[in-house]
Structures are given as structure tokens and as C-alpha cells.
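The values are calculated or read from the model by the stated rules, or taken from the named source; none is laboratory data. As the structure is a prediction and not an experimental result, all values here were calculated from the model. Every residue, glycine as well, gets a Cβ built from its backbone with ideal geometry; the counts of neighbours run over all protein chains shown.
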Amino acid sequence: MADLSTRLAGFTLANPVIAASCEFTMTEEGIRQCVDAGASAVVAKSVNESPDAAKQLDIADYTLLDAGLNPVTWDATTGDETLFSQSGLAQSTVDDWLAMLESAQGYARTQGSMVIGSVTVAGAEGAANLARLMAEVVPAVEINVGAPHGREAAAVSQLTGADAVEHYVRTIRAATGVPLIVKLPGQSGDIIGMAEAAANHGADVVAMIGRLNGFVPNLQTWQPELRSWGAVGGPWMLPVSLYWVSKCRKALGDRFPLIGTNGARDGLDVARFLLSGANAVELATALLTRGPEAIRTTIHDLTSYLDQHGMPALGELIGASVRQAKTYGELAPVDPPHRPWEQFLR
Ligand SMILES: Cc1cc2nc3c(=O)[nH]c(=O)nc-3n(C[C@H](O)[C@H](O)[C@H](O)COP(=O)(O)O)c2cc1C
């Protein structure tokens, strides 16, 4: 059976499947279930220093949409739906949250997994303070600087430029020595510049890309789904996420650790992220819609994929498609030209 281990900054993960920060990882029970399902790491639900960000969770709602943007009930999911949602941050005192992280990490360690603390930023100083406290109880911290809800709620900041990323990463890096993962938004004109700023100013790992903002009118009621705006992601987003991972793999070189997120449904999508240059992949939607079983099957299917290709380990896969990608300028003309729509021309 293939060895799925993968190296990220100062630590080695047993496999590349990470349970992403989301409502499922908001309790010790949820984190333990992800660990039991085989997640090599679990990113706990985010917190930040603003009480309003936690309060935001009270208005949060979640709906699944099929390819025609029709709501689908949770028990009818095929795994291909879009999850359209609001969200908020964990509602806990700092002391209670740290105690939960410590206890969950104690369990994860016994199972060869780990818990990663998470801050979805408001201010840089607040994030630095929380990262410092978390670093006392968990082995790594992830900082989300790009939550889409930052466009709707003042209690969360969405950074969209390299200078702002540099400022936040420098401030947080100065506060803690543990491996630091910086999670970037999908909504910026300069995602590569942001990744470079993170990598050059103290991030050990860059995760990308965050979900996008969306708006979905219901055709029967004319009400907007979720009564408002929300965040969207799903399989349709996967090529976009792979694009940015592959471009950042080229920009940052072969050695800088990257985590892919946004759009992975299963083990084959994880393989697609790895081929695009990710060292590991974070899954949230699959976890929220199919439970920890989604993690188990993702790891199983990735193992089968590697076995079918006679690969003893992951290493060769990581970035393999990026290394073969040509620039538009390097492409030879398609001969004969491929114009399938000409069948419709009269
Ligand atoms: C309901 C929901 C809540 C989320 N909460 C957080 C969060 O608190 N912190 C964070 O960094 N990312 C959060 N995310 C983003 C996920 O961690 C993940 O990066 C994103 O959903 C893309 O991956 P996916 O396609 O597997 O869902 C959340 C996503 C969803 C759907």
C-alpha cells in the first residue's frame, strides 16, 4: 500500500487529508471524529478577538444547491453540490477554547494526528495575541486572512493586497515560533503577490484559496437564499483553486509547502490538488455534508489511485502537472485546428 505521508514545514503528516476549519471542527467531539476518520491534521474552527465575530454565528445558515441552483436537502446530497452559507466564529471564552484545543490535541497526538489552532483575523495584534496563546497548546497555527464574510461583517477582515499580508504575517510571526500557515482569499487581484508576501515574511505554509461571495435568488419565493449574501464554493470552484495552487507552486518554487483548499470532494480531487503542487489538502464541505466518513473514503480513494498507478509514495505526484504545463507562448499550434462548434454554423 502506498505511503501517503507528506511533509509540511517543520512536521510530517501521515497523509495529505486535513479536516479544514469549519463548524464540524468547533467542538472536541467533532475534532476527535475527524481524527478517528484518519485526518492527518484537524484545523479547529476559527476564533478572533472580536465578540461580534462570534455573535455572527447566530445568524449563520447553510443550504446545499444543485447544479441548477435548486436547494437540495442534506440527506439527498450526491457530493457534487455547492454549499452556500454564512458563518461566524466559535462562541467560547479564550480560556475555554484553549482548554478545548489542548484536550483535543492530547487525543490527536495519541492517534498520530494533530490539531491546528485557527484565527480568522480582525486586527493584526489581536490575531498575534491569539496565535501566541494557541501555540502553547497546539503544534501549529493557521491564520485566515481572507474570509469572504469579511465583505459582509466588520468583525472579520479580508485582506486583498500583499502589503496588508506582510503586515499581518510579520506581526503574528513576531508573536510565535510554531509553524504558521497563512490561508489566502480567492478574491484578490494579487493572489501570487500575497503568497509571496506571506512566504517572505514568516509563513511556513500557505493555504489557498478561500471561498467566494455569492447571491442566489430563489425563483419561487423571489427571496434570496439564506435571506442575504453568503459564501460559496464547490466542485465548480476546483479548477480555479487548482489554478492558483499551480501558479503559486511555480512562483514559490518546488520546496515551499502549500495546502490546497476549496472544491475537493474526494480522493481523486485530492490527487488533482497534489498534481497542481499542493503538499496537502483541507476539506470542509465534504465533512459538513457527508460527515467524517468523507475523510475515510477520501484517504481510501487516494490510496487506491496511487496503487493503481504503481506509486509507492506521494512525492512524485506533487506538482507533476505543473512541471509539464506550458505557457501560452510555448504552445505549438493545434493541427488540425479544433473547432467543434462549426457543426452549428450554416
Ligand atoms: C460553513 C463553513 C465555515 C467555515 N469556517 C471557517 C473558519 O472558521 N475558518 C477558516 O479559516 N475557514 C473556514 N471555512 C473555510 C474552509 O476551511 C475551507 O477552506 C473552504 O470551505 C474550502 O474548502 P471546501 O471546498 O472543502 O469546503 C469555512 C467553510 C464553511 C463552508
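Does Val232 count as among the β-branched types (Val, Ile, Thr), at pLDDT 95 or above, assigned to a helix (DSSP H, G or I) and surrounded by 14 or more Cβ atoms within 10 Å (Cβ to Cβ)? Against the criterion (among the β-branched types (Val, Ile, Thr), at pLDDT 95 or above, assigned to a helix (DSSP H, G or I) and surrounded by 14 or more Cβ atoms within 10 Å (Cβ to Cβ)), Val232 does not qualify. For region 248-293, the tally of residues that are touching a residue at least 40 places away in the same chain (Cβ under 8 Å) and within 10 Å of the ligand (Cβ to nearest atom) stands at 14.
Checking Thr73, Thr27, Thr93 one by one, the residue that is under 28 Å from Leu226 (Cβ atoms), away from the ligand (no atom under 14 Å from the Cβ) and polar (S, T, N, Q) is Thr73 and no other. I'd like the full set of residues that are within 16 Å of the ligand (Cβ to nearest atom), outside any loop (DSSP other than H, G, I, E, B), under 14 Å from Tyr168 (Cβ atoms) and not basic (Lys, Arg), limited to region 179-225. Residues satisfying the conditions are Leu180, Ile181, Val182, Met194, Ala195, Ala198, Val206. In region 136-152, the qualifying residues are those that are touching a Leu at 6+ places or on another chain (Cβ under 7 Å) and away from the ligand (no atom under 13 Å from the Cβ), and the one that is nearest to Ala199 (Cα to Cα) is Val138. Of everything listed in (1) away from the ligand (no atom under 12 Å from the Cβ); (2) surrounded by 15 or more Cβ atoms within 10 Å (Cβ to Cβ); (3) part of a strand (DSSP E or B); (4) polar (S, T, N, Q), the single unmet condition for Thr63 is (1). Of everything in region 4-36 that's touching a Pro at 6+ places or on another chain (Cβ under 6 Å) and within 19 Å of Ala271 (Cα to Cα), which residue is surrounded by the fewest Cβ atoms within 10 Å (Cβ to Cβ)? Here the residue is Leu8. Taken over region 115-135, residues that are part of a loop (DSSP other than H, G, I, E, B) and either within 16 Å of the ligand (Cβ to nearest atom) or surrounded by 24 or more Cβ atoms within 10 Å (Cβ to Cβ) (or both) amount to 2.
Against the definition (surrounded by 23 or more Cβ atoms within 10 Å (Cβ to Cβ), assigned to a loop (DSSP other than H, G, I, E, B) and either in contact (Cβ under 8 Å) with a residue 40 or more places away in the chain or aliphatic (A, V, I, L, M) (or both)), how does Leu89 come out, yes or no? Yes.
On inspection, Ala99 does not qualify as in a loop (DSSP other than H, G, I, E, B), away from the ligand (no atom under 15 Å from the Cβ) and hydrophobic (A, V, I, L, M, F, W, C).
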